[in-house]
Every structure is written in C-alpha cells, then in structure tokens.
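In what follows, a single structure is set out as structure tokens and then discussed.
The values are calculated or read from the model by the stated rules, or taken from the named source; none is laboratory data. Remember, predicted model here, so these are calculated numbers, not experimental data. FYI the Cβ positions are ideal-geometry reconstructions off the backbone, even for glycines, and counts take in every protein chain you see. Note: accessible area is taken over every heavy atom of the protein model, side chains too, but ligands, DNA and RNA are not part of it. Shrake-Rupley method; radii C 1.70, N 1.55, O 1.52, S 1.80 Å.
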Amino acid sequence: MTDQCPSCQSASVITKDIARKIGAIIGTVGGAAQGVTGVRAGAQVGAVIGVAAGPAGVIAGGMAGAILGGLAGAATGCIAGAKLGEVIDERVLDNYVCLDCGLSFSCRHSA
Ligand SMILES: [Zn+2]
C-alpha cells in the first residue's frame, strides 16, 4: 500500500509516529515503576532458589530475580505504551507528512 499526499499526490510521505515514541517512553518508565513489585517478588524468589547454593547464591539469585522483574515490567510497559501511541497517531494526530509540500494529514489515501 502506498501512502499518497492528498494535495500534490506525491508518494514522498512519511509517518511522524510522535505519540508512538512518547507512548513507548512513558510506558517504559511506568512499566519499570510498576515492575518494582516484580523486582521485589523476583528478588525473593531468586533468593529462595539461591539458598540452596549458599550465601553467594542468595545474593546472585536475588539480583537476577530483581533485574528480570524490572526488565519484564519495562518491556511490557514499553509495548503497551507504543501500542497506545500508535492508536493516537492513527486516530487523533496528523501522523502523515508530505515531504514535497509539507502537508500534514491524518488518514491513509490509497492510490
Ligand atoms: Zn504533498
């Protein structure tokens, strides 16, 4: 599918994806913050598993669990934020901009 400028019919059209980028950033931060719960849970689980390997195992297991919990939260938030931003880009913002005449427009125009 080719995106075309509704004004000058140019095919030199790009997407701005502003909301998508912002959404991904907000989602990552929010997800990481929410992931704190996951960090605690992960650290506890890791520590319990690590007990079998002794004191060093508790520390290593706890850290691994905490990192995994934080990453999982951030990744989930990033994806959710980007998806939400994509919807905003498509429905609300003029996500398309023509490189030839500079026109911003919101919906796809099939050739
Ligand atoms: Zn144009």
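Scan the stretch 9-31 residue by residue and report those that are open to solvent by less than 80 Å² (accessible area, probe 1.4 Å) and not β-branched (V, I, T).
Answer for the stretch 9-31, where residues must be open to solvent by less than 80 Å² (accessible area, probe 1.4 Å) and not β-branched (V, I, T): S10, A11, S12, K16, D17, A19, G23, A24, G27, G30, G31.
Would you point out which residue out of L99, L84, L68, L93 is aliphatic (A, V, I, L, M), within 16 Å of the ligand (Cβ to nearest atom) and open to solvent by 60 Å² or more (accessible area, probe 1.4 Å)?
Of the residues listed, the single one that is aliphatic (A, V, I, L, M), within 16 Å of the ligand (Cβ to nearest atom) and open to solvent by 60 Å² or more (accessible area, probe 1.4 Å) is L99.
Is at least one residue of the stretch 46-53 open to solvent by less than 30 Å² (accessible area, probe 1.4 Å), under 30 Å from L103 (Cα atoms) and away from the ligand (no atom under 16 Å from the Cβ)?
Checked the stretch 46-53: no residue is open to solvent by less than 30 Å² (accessible area, probe 1.4 Å), under 30 Å from L103 (Cα atoms) and away from the ligand (no atom under 16 Å from the Cβ).
Would you call G57 more than 16 Å from the ligand (Cβ to nearest atom) and surrounded by 17 or more Cβ atoms within 10 Å (Cβ to Cβ)?
no
Between a residue in the stretch 92-105 that is part of a loop (DSSP other than H, G, I, E, B) and any residue that is within 9 Å of the ligand (Cβ to nearest atom) and among the polar types (S, T, N, Q), which pairs come within a Cβ distance under 6 Å, given they are 6 or more apart or on different chains?
L99/S12; D100/S10; D100/S12; C101/S7; L103/S7
Considering (1) in a loop (DSSP other than H, G, I, E, B); (2) more than 16 Å from the ligand (Cβ to nearest atom); (3) touching a residue at least 60 places away in the same chain (Cβ under 8 Å), say which one C5 fails and leave the rest.
(2)
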